[in-house]
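Worksheet: the structure to be examined is printed underneath.
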Amino acid sequence: MTTTPTALRMLPRTVVVLSLLALSHAHDHHEVSEADRNAPVDNVLWLHIALQTTLWGLLWPLGMVLGITRSRWHVPLQATNFALTAAGYVLGHKHGGRKFLPSAHEKMANFLLLPLAAMLVLGVYLKLHIHERTLRPYAVVAHGIIGKTWPLLAWIQMLFGAIALGDYCGPEALSQCLAHYIMGSAFVGYGVLLLLALALGGWAAWIEEKGISQEWIDSWVIMLWGIVNTFALHRGGRWSHKDMQHVSLGVLWWAGGALGILLSSKGRRSIVPALLIVITGWAMSAHEQAQMISTRVHGMFGIALMGAGVARIVEISFIDGRPAATSGWAEAWRMLTPFGLIAGGILFMSATDEELAFVSSKGVEMDHETYILLMFSLAFLVYTLTAALARAYLTTGRNANPHVKITSPEEAEYIQLAPTGGPVAASYRDGDVEREQFAIADEDDEDDDKDGHPGSPRL
């Protein structure tokens, strides 16, 4: 047998570290004074924030993609991620300066040790290549499911971290926080999914084969969300203008969503979901707020949604189904809708009263233009990261050259990370080799027979 790779030898040690961390005590929250909560953030905490943001926002999702494509870089990257995550956890509990009350961020950090340890143990087990026909197939599936939850878990934990850092979402502001962060995250998430569907290709062909349309799916999502919005936002007591506005939006969504489902049945295209986004954007742009900066941010949120809806209406009405539908400019135009949803979601998440009171407070005094530009910058970063992960999926591991068929674990092990658009860089060894890629693979074997990704834009 070949020598165990350094990355693999690191895994048991990291399991031990994570186990010790899980048993360790969290912050001492006793007698946290007002002065402690408003103390400056020290360099250790800033390092924790920078390290964990890089890990959960970039490196963990990239490791997930490399696992799906069975790249040889998956194991070294994930082993590095485990070690750095342990270091970041320690930094988050050993900083000075500002102190924090018990928070969802802290509880989530402790919870994440469980899936981290589970994924690590499963990875080590899969490297052993035992129980090949009994337990191993189930371990492969479990490893893949846990790995694919990472982007969602990362988003939630980073959001909790921002809330804890700003000391937001206390009892009085909790309702507004839930409304803004859940709805804003839904817009961002749906925009990301649409972008991935466009970038990776294959989605349009799949739904056409099933006899359904994208608008049929969109209409169902909008209708169900409208039902929740109608009955969940007003919790008794006197009806305020905001209560009426929010509930009326819910009624709009389930009523319009029902119409969209009817008109989009049997694979037909419909502009109803896009029209609902436009109307929602108009309502948000006219949403008067107590603070001027809040009114302006809500207004830009509405404009972003209206832009996304108009772009989709133009796509359905004047591009799809015509010869120009496969042209480069048509592909570029389709990217406008996901960006509008992502930007709109981030703007809405950034529009709570507490956040805007902070940025307009003495010592910060940020005007609405600067704040909105920063939020658009964040939207571009999210869009860039998503597009980069899509490109990594299309150009690494078994997808480095779609014309090469993978027929054995030994072949899959030595698939290399290829440059964008470059030739496949694969080598196959004879003799006794370690079957690295299939040990951590989380995709079904049938996916090996796919031929490329026709029709996907060049990212």
- Shape call, the range 288-379: gyration tensor on alpha carbons, a/c limit 1.5: prolate
- Query: For the range 200-337, what class follows from the C-alpha gyration tensor (a ≥ b ≥ c being the square roots of its eigenvalues): rounded when a/c is under 1.5, otherwise prolate if a/b is larger than b/c, else oblate?
  - Reply: oblate
- Note on the structure: Calc'd 3J(HN,Hα), the range 196-205, phi into Karplus 6.51 cos²θ - 1.76 cosθ + 1.60 (θ = phi - 60°), Hz, glycine/Pro = x, comes to 5, 4, 6, 6, 8, x, x, 5, 4, 5
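Computed from the coordinates by the stated procedures, all read-outs in this text should not be read as laboratory data. Note that the coordinates shown come from a computational prediction; the quantities given were computed from them, not determined experimentally.
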